[in-house]
Every structure is written in C-alpha cells, then in structure tokens.
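Heads up: the structure comes next, in structure tokens.
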C-alpha cells in the first residue's frame, strides 16, 4: 500500500528536492505540496494524507500553530517535522505539540524515507541514539524556556517572538483579544520578562529565532 504525503516548505527548491526524493521510493507518493501554514491545513484536511512532512518556519502561520490546528481538526494526523534547527528547544516544542517525528534537513534521503515510513506506521522518530544524534537530556529540558509553558502558551510564545501584536495573535489562534493578552501576561510571568523585547532577546539566546 502506497504511503501518501503532503509536503510543506516555503522554499521552493527545497520542497522540489524533497518531493523528488520521496517520489523516488515506490512505496511513497506526494499528493500535495504547499508553501505556507494555511495551505498546509487546507490540503491536509482535503487530501487526508498518511503523513505530513513540514518545516517549522512558514509564512502566514508558524509550524507550531499549524500543528495545533491540524490536530484539533484531524487528531490522527501523523506529522514529521523537517527542520534546519538542531536546538533542543525546537525538538521539545514540536514533540510537545504532537508531532510524531523530527528530522534535520541535513539528513540523507534514505533517512528521510525511513522516517516517513516509521511515522506512517505509528512510530515516533526523534533525535536519539538510534539516529546518531544527541538524546535530549532531562537537564536540557529544564533549561528550555518553553518547559514551563503550556501547549497554548508555546504557540503564543512563538507568535510574540515573531513580533505579532496581541490582536494579530488572537486572529491567528482564533481566540478573543482578552484571551491572547492573558496568555501573553502569563508567559511574561513564567519567564520573568516584562516586555516582548525581553522575550525576543530570551528567544534569541535560546536559539529559538530564525
């Protein structure tokens, strides 16, 4: 049985290259390609692929928000994140959001194909000894600024770090302005910052910015 894949990456050349690698395997087929988070949700709900392969950073909607929206509407969606970021905070955030796997863009085509097949089987693929990457240690998790935040607060955290206003965050996450402001306030308290500028500096030091 062929495994169907929807691929999301805003870099066209990267997306085309990944698509060619996937299509080269007889067990896999790309049924949809998109360049932003909004398209990703639309195509996934319409095409119901076995696996979604997606980047974290995309226009219109961040990967973290896209994962949340996808899983809220289609909980059985199996998501493999393909990213350039090897920082523990990114892996932790995507795993906590509900992704089934996390693979670096520097990985080989064989590693990508193997990861897609594992995720399609319901297995998880995250950095560990089996992949040759460093395992996420409990100490590293405690050091992550995201570890104290809830799933929803992590979404707001990334949107604030990207420079969005509370009004824009409310629109993107389909919540009231008051709820968005409450989340922002709670995040500031938990991270011991007093402004978006301080939060952005913290995110930069933690390697959470592009």
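Of note:
- Checking each residue of region 12-28 against the condition of being under 23 Å from residue 91 (Cα atoms) and assigned to a loop (DSSP other than H, G, I, E, B) gives no match.
- Just one residue in the set 42, 68, 86 is in a loop (DSSP other than H, G, I, E, B) and either modelled with pLDDT of 85 or more or not assigned by TED's automatic domain parsing to the domain that holds residue 152 (or both); that residue is 86.
- When residue 56 is tested against (1) in contact with a strand residue (DSSP E or B) (Cβ under 8 Å, 6 or more places away or on another chain); (2) more than 27 Å from residue 169 (Cβ to Cβ), only condition (2) is not met.
- Number of positions in region 47-65 that are at pLDDT below 85 and not in a loop (DSSP other than H, G, I, E, B): 3
- Residue match in region 100-108 (condition: within 10 Å of the chain's Cα centre (by Cα), closer than 25 Å to residue 168 by Cβ, in contact (Cβ under 8 Å) with a residue 12 or more places away in the chain and surrounded by 21 or more Cβ atoms within 10 Å (Cβ to Cβ)): no
- Qualifying residue in region 133-154 (condition: part of a helix (DSSP H, G or I), modelled with pLDDT under 90 and over 22 Å from the mean Cα position of the chain (by Cα)): yes
The values are calculated or read from the model by the stated rules, or taken from the named source; none is laboratory data. Predicted, not measured: the structure shown is a model, and the values here were computed from it. Note that we place each Cβ from the backbone using ideal geometry, even for glycine, and neighbour counts take in every protein chain shown.
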